[in-house]
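Let me begin by presenting the structure, written as structure tokens, before commenting on it.
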Amino acid sequence: MDEAKLLQSIPSQAAFRQSTHQQTPQQITPSRDIAREQSIVLLQSFVQVLAAKDKNTHSHVNRVYKLTQEWTTYLRRRWMHLDQDFEAIEIAALLHDIGKVGVLDEVLLKPSALTPSEREHLEAHSELGYQMIRDYPGIQEVAQAVRHHHERFDGKGYPLGLKAKQIPIGARMIAIVDAYDAITSDRPYRRARSHEVALGEILNAAGQQFCPELVPTFIQFMHARNT
């Protein structure tokens, strides 16, 4: 994984707008890693369990996956020289909330704000998701992104309080997309906010909650996607 090349290859906003067009989400490209491909087939059952447990979470997961896939497709098509496992990031986006199958229904489906103890129980989902998938062959990078997608760039996230580039790049990317979808979707306790508000909040949190090198990339991508 050549993260430095990825981050250094981001063009100016003007160059980005000039060279891009809206991408259509595609299915995950079949893996050349047979072990990973077999693991993905088996892990689809967890996705179906989550869909049966909570349709809202399942819809959120699908949106995060599709938007992450658009972002990685953009990067893959324009910088094909990068040695980056984008497929692992896409799979992690699909599985990022898989640990919620182990969250109590009364917490996961609660129609109001959570208590501190309920919040602690819910936050265990990232570690649980990691525990569920870590032993499947070929997806170690996926498992790490699932585990750390709620870490913060400033080290105040969970489960381990990693900071900056201690956090896997896939987890840093998913954190941004996850937040965007959360802001722009209805919640039981608040209405969805606009695309512009979401991008503004993400930009304001760069260097604190989110990676300051990836945030401009995401904002440029989203501007181009919506024009």
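Among the residues here, Leu94 does not qualify as over 23 Å from Arg36 (Cβ atoms), of a type in the set (A, V, I, L, M, F, W, C) and out of contact with any Cys (no Cβ under 7 Å at 6 or more places or on another chain).
Does Glu90 satisfy the criteria of being in contact with an Asp or Glu (Cβ under 7 Å, 6 or more places away or on another chain), under 30 Å from Gln220 (Cβ atoms) and assigned to a helix (DSSP H, G or I)? Walk me through it before giving the result.
Working: in contact with an Asp or Glu (Cβ under 7 Å, 6 or more places away or on another chain): no; under 30 Å from Gln220 (Cβ atoms): yes; assigned to a helix (DSSP H, G or I): yes.
For Glu90, the condition - in contact with an Asp or Glu (Cβ under 7 Å, 6 or more places away or on another chain), under 30 Å from Gln220 (Cβ atoms) and assigned to a helix (DSSP H, G or I) - is not met.
Helices (runs of 4 or more DSSP H) fully within region 129-225 that include at least 1 residues being within 15 Å of the chain's Cα centre (by Cα), among the basic types (Lys, Arg) and surrounded by 21 or more Cβ atoms within 10 Å (Cβ to Cβ): 140-148, 169-183. Whenever a residue of region 67-78 is at negative phi, its partners that are part of a helix (DSSP H, G or I) and small (Gly, Ala, Ser), lying with C-beta atoms within less than 6 angstrom and at least six residues away or across chains, give the pairs Thr68/Ala93. The single condition from (1) among the charged types (D, E, K, R); (2) farther than 25 Å from Thr72 by Cβ; (3) in contact (Cβ under 8 Å) with a residue 12 or more places away in the chain that Arg119 fails is (3).
The residues on offer are Phe46, Phe86, and the sole one that is under 19 Å from Ile167 (Cβ atoms) and among the aromatic types (Phe, Trp, Tyr) is Phe86. Residues in region 93-108 that are in a loop (DSSP other than H, G, I, E, B) and under 21 Å from the mean Cα position of the chain (by Cα) were compared, and the one that is surrounded by the most Cβ atoms within 10 Å (Cβ to Cβ) is His96.
Where a number appears in this text, it was derived from the coordinates with a stated rule and is not lab data. Keep in mind that what you see is a predicted model, and the values were worked out from it rather than measured. Note: ideal-geometry Cβ built from the backbone for every residue, glycine included; neighbour counts use all protein chains shown.
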